[in-house]
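Engineer: Dumping the structure here so I can ask a few things about it.
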Amino acid sequence: MNKSAVLPAVDQVMAELGERARRAARLLAQAPAERKNAALMAGAAALRRSGGKIAEANAADVAAGTAKGLTAALLDRLTLDDKRIEAMAKGLEEIAGLPDPVGQEMARWQRPNGLDIARVRVPIGVIGIIYESRPNVTADAGALCLKSGNAAILRGGSESFRSSKAILACLQEGLAEAGLPEDCIQMVPTSDRAAVGAMLKMSGVIDVIVPRGGRSLIERVIAESRIPLFQHLEGICHTYVDGAADLVMARKVLLNAKMRRTGVCGATETLLVDAKVAKTHLPVLVKDLLDAGCAVRGDAATQAVDSRVSPASEEDWSTEYLDAIISAKVVDGVEGAIDHIERFGSHHTESIITDDPSAAAAFFAGVDSAIVLHNASTQFADGGEFGMGAEIGISTGKLHARGPVGVEQLTSFKYVVRGSGQVRP
């Protein structure tokens, strides 16, 4: 079938999906918190009951991905085991336990003329989520949109199509059990890439797009979208070991930041070490990484401490490896670290290891990223770890939402003005 024959069919499918989402969004925006929570709890129970079906669908996705030659990092993101399925179920329960943001008064004040003005949280409407590889995003995104009163249109990657479909069935089972329309959470029913293009043109239907994926996906979405975005750019995250760092702490934090899970966006991709402690700290840190199975690509100073270090190219400093690879460089103090992060980072997550509060304060003030940490692993860049239950993504933009995008970030607001007959002179 030629391309011209495919596009009209995809456009029609997406238009019908959008129409159902708009209808569902109007109903969901007025749904009481108890009903939304009931849907989430029922969805969690369905995930546990359907663990075998989800695992079977996921095994087919993983087998297809392996045959396709996906990297180990992508296969790790794709894979669901009993622990990860249980984590999805618990995530739904945690989201159900969060305060309902819809209707919350953000501020309230009275004017001299007697007008009572309140700023109140409301759902955004219809959220479109475009993501790659990670099927657990289906559960997280669907649940967060439900809790915040938004209808969701999910477009997962073709690699995780079967897994995401099985997870969606559980979410929709929960919606039906709670008496809410199944159209509150929908998934694009095709892996045809034309559906992404159609989705990005659905202004007036979809209110905001949340893209999660690699550079090529994000660049396409930014270039083609006619809809506002919550940008989730790649995680080129840095750990900076300051001259006043405790070496024992630095070793523990760095290994976790890089090696706990190399395929997540919060994994450290670049190690920066203050020149003041390069002779004492750098050899130990590099050896720890190498001994843990992590390849190290370094500048001349880093190469000098261990023959197993390979030279870092200019491209390495701006690469999200999502693998057991790290780039390493010696810098001139906090300012040197800030300059490097500003030049090569993606404004995602950065950490400083130091016992000097003034160095930490300078780092916090100078680094323009969504998340900055002091003496903690970059792998804490996660909505669940922030107490948000889960996240749709880490927004690296600066407008509306920044950092983990949870239920509050998926709301807008309106002004409710109460009067007693006032007219404007």
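Engineer: Going by what's in this entry, would residue 149 be described as among the small types (Gly, Ala, Ser) and within 29 Å of residue 66 (Cα to Cα)? Can you show your working first?
Structural biologist: Details: among the small types (Gly, Ala, Ser): yes; within 29 Å of residue 66 (Cα to Cα): no.
Considered against the rule, which asks whether it is among the small types (Gly, Ala, Ser) and within 29 Å of residue 66 (Cα to Cα), residue 149 comes out as no.
Engineer: What is the residue count in the range 307-325 for residues that are of a type outside the set (Val, Ile, Thr), in a loop (DSSP other than H, G, I, E, B) and surrounded by 17 or more Cβ atoms within 10 Å (Cβ to Cβ)?
Structural biologist: Summing the residues that are of a type outside the set (Val, Ile, Thr), in a loop (DSSP other than H, G, I, E, B) and surrounded by 17 or more Cβ atoms within 10 Å (Cβ to Cβ) in the range 307-325 gives 6.
Engineer: Can you name every residue in the range 332-360 that is surrounded by fewer than 22 Cβ atoms within 10 Å (Cβ to Cβ) and under 21 Å from residue 286 (Cβ atoms)?
Structural biologist: Result: 332, 333, 336, 340, 344.
Engineer: Let me ask another. Quick one: would you say residue 378 is modelled with pLDDT under 95 and of a type in the set (Ser, Thr, Tyr)? Talk me through it step by step, then tell me what you get.
Structural biologist: Working: modelled with pLDDT under 95: no; of a type in the set (Ser, Thr, Tyr): yes.
Against the criterion (modelled with pLDDT under 95 and of a type in the set (Ser, Thr, Tyr)), residue 378 does not qualify.
Engineer: Look through 166, 143, 152 and report the one residue that is under 15 Å from residue 405 (Cα atoms) and either in a helix (DSSP H, G or I) or among the aromatic types (Phe, Trp, Tyr) (or both). Outline the logic, then answer.
Structural biologist: Details: 166 fails: under 15 Å from residue 405 (Cα atoms); 152 fails: either in a helix (DSSP H, G or I) or among the aromatic types (Phe, Trp, Tyr) (or both).
Going through 166, 143, 152 in turn, just one is under 15 Å from residue 405 (Cα atoms) and either in a helix (DSSP H, G or I) or among the aromatic types (Phe, Trp, Tyr) (or both): 143.
Engineer: Still on this structure: Please work out which residue is surrounded by the most Cβ atoms within 10 Å (Cβ to Cβ), limiting yourself to the range 192-223 and to residues that are over 27 Å from residue 348 (Cβ atoms) and touching a strand residue (DSSP E or B) at 6+ places or on another chain (Cβ under 9 Å).
Structural biologist: Only one residue fits best here, namely 202.
Engineer: Output the residue which, of all residues in the range 174-186 that are more than 16 Å from residue 19 (Cβ to Cβ) and among the hydrophobic types (A, V, I, L, M, F, W, C), is surrounded by the fewest Cβ atoms within 10 Å (Cβ to Cβ).
Structural biologist: 176
Engineer: Name the one entry in 304, 328, 295 that is at pLDDT 95 or above, surrounded by fewer than 16 Cβ atoms within 10 Å (Cβ to Cβ), assigned by TED's automatic domain parsing to the domain that holds residue 343 and under 19 Å from residue 257 (Cβ atoms). First the steps, then the outcome.
Structural biologist: Numbers: 304 fails: under 19 Å from residue 257 (Cβ atoms); 328 fails: surrounded by fewer than 16 Cβ atoms within 10 Å (Cβ to Cβ).
Only one candidate qualifies: 295.
Engineer: Still on this structure: Of the residues 276, 258, only one is buried (at least 24 other Cβ atoms within 10 Å of the Cβ), assigned by TED's automatic domain parsing to the domain that holds residue 341, within 21 Å of residue 338 (Cα to Cα) and among the basic types (Lys, Arg); which?
Structural biologist: 258
Engineer: Also: Return yes or no: is residue 412 part of a helix (DSSP H, G or I) and either hydroxyl-bearing (Ser, Thr, Tyr) or in the same structural domain as residue 108 (by TED's automatic domain parsing) (or both)?
Structural biologist: Judged against the criteria, residue 412 is not a match.
Engineer: Please work out which one of (1) without any contact (Cβ under 8 Å) to a residue 40 or more places away in the chain; (2) of a type in the set (Asp, Glu); (3) more than 23 Å from residue 265 (Cα to Cα) is the condition residue 207 fails and give its number.
Structural biologist: Condition (1) is where residue 207 drops out.
Engineer: Okay, next question. Return the pair list, or none, for Cβ contacts closer than 7 Å from residues in the range 357-373 that are in a helix (DSSP H, G or I) and at pLDDT 95 or above to residues that are surrounded by fewer than 22 Cβ atoms within 10 Å (Cβ to Cβ) and small (Gly, Ala, Ser), at least 6 apart or on different chains.
Structural biologist: Hits for this filter: 359/244.
Engineer: Which pairs turn up if I take residues in the range 56-75 that are not assigned by TED's automatic domain parsing to the domain that holds residue 164 and look for partners that are at pLDDT 95 or above with beta carbon separation below 9 Å, at least 6 apart in sequence or on another chain?
Structural biologist: none
Engineer: Let me ask something additional. When residues of the range 88-117 are filtered for being farther than 16 Å from residue 41 by Cβ and crowded, with 17+ Cβ neighbours inside 10 Å, how many remain?
Structural biologist: Residues that pass the stated criteria total 2.
Engineer: Any residue that is over 20 Å from residue 229 (Cβ atoms), surrounded by fewer than 23 Cβ atoms within 10 Å (Cβ to Cβ), among the aromatic types (Phe, Trp, Tyr) and out of contact with any strand residue (DSSP E or B) (no Cβ under 7 Å at 6 or more places or on another chain) - is there at least one of those in the range 158-173?
Structural biologist: yes
The values are calculated or read from the model by the stated rules, or taken from the named source; none is laboratory data. Computed from a predicted model, the values in this text were never measured in an experiment. Counting neighbours? That spans all protein chains shown, and the Cβs are built from the backbone with ideal geometry, glycine included.
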